[in-house]
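These notes are about the structure you will find just below.
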Amino acid sequence: MANANDFVQTVTIDDTVYKLHFAYNDVLKSWSMDIRDSQNIDLVRSIRIIPNFPLLSQYKRHLGITGEMIATVTTDIQNIGRDDFINGKANLVYVTKSEVNEILETTV
């Protein structure tokens, strides 16, 4: 994550290149994420980044993504602050389908 209010990060998820556009809303005190294809065409806009919540669950079929993206936090916070990804209070992680299955198998 970049130390900026608004930026684009190119990532590879499930062997497909995406551009993730992150924007911090200072009024709402929260982050949002847009998902674009490699040609910079919007696929999903304004996903609010909520701590410890599956961010892609309702979009996975549309995107063809099989895993899940989660913003993990180290404290009990409701909104991820502007600097929380930089100071380590929050991390954005992608969990592959096989990792999700492994987690579910060990918790049953």
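Return the distance in nm (one decimal) between the two label points of a simple spin-label model at residue 53 and residue 11, each offset 7 Å from Cα along Cα→Cβ.
So the two model labels end up 1.7 nm from each other.
What relative contact order, as a whole-number percentage, does the chain give when Cα pairs under 8 Å and 6 or more residues apart are counted?
Relative contact order here is 20 percent.
Could you give the spread of the C-alpha atoms of the range 25-75 along their three principal axes, from largest to smallest, in whole angstroms?
Its Cα atoms span 33, 24, 16 Å along the three principal axes.
Excluding same-chain residues fewer than 8 positions from residue 19, which aspartates and glutamates have a Cα within less than 18 Å of its Cα?
The reachable aspartates and glutamates, counting only those whose Cα sits under 18 Å from residue 19, are 6, 34, 37, 42, 68.
Using only Cα atoms, figure out Rg for the range 1-40 and give it as a multiple of 2.2 N^0.38 Å.
In units of the 2.2 N^0.38 Å rule of thumb, it is 1.25.
How about residue 89: which lysines have a C-alpha closer than 16 Å to its C-alpha, ignoring those fewer than 8 places off in the same chain?
Partners within reach: 29.
With +1 on each Lys and Arg Cβ and -1 on each Asp and Glu Cβ, how big is the dipole of the chain about its Cα centre, in debye rounded to the nearest 20?
My answer is approximately 280 debye.
May I ask what percent, to the nearest 5, of DSSP beta bridges between residues of the chain are antiparallel?
So the antiparallel bridges in the chain amount to around 95 percent.
With each label point set 7 Å from Cα along the Cα-Cβ vector, what nm distance links residue 101 and residue 26?
4.7
Return the loop-located chymotrypsin sites (Phe, Trp or Tyr not before Pro) in the range 35-108 (DSSP other than H, G, I, E, B) with at most 16 other Cβ atoms within 10 Å of their own Cβ; answer none if there are none.
59
I need the per residue convex hull volume for the range 31-108, using only the alpha carbons, in cubic angstrom as a whole number.
Normalising the Cα hull of the range 31-108 by residue number yields 118 Å³.
Bear in mind these aren't lab numbers, they're just calculated from the coordinates by the rules spelled out. Bear in mind that the values here come from a model prediction, so they are computed numbers and not experimental data. Neighbour counts run over all protein chains shown; Cβ positions are idealised from the backbone, glycine included.
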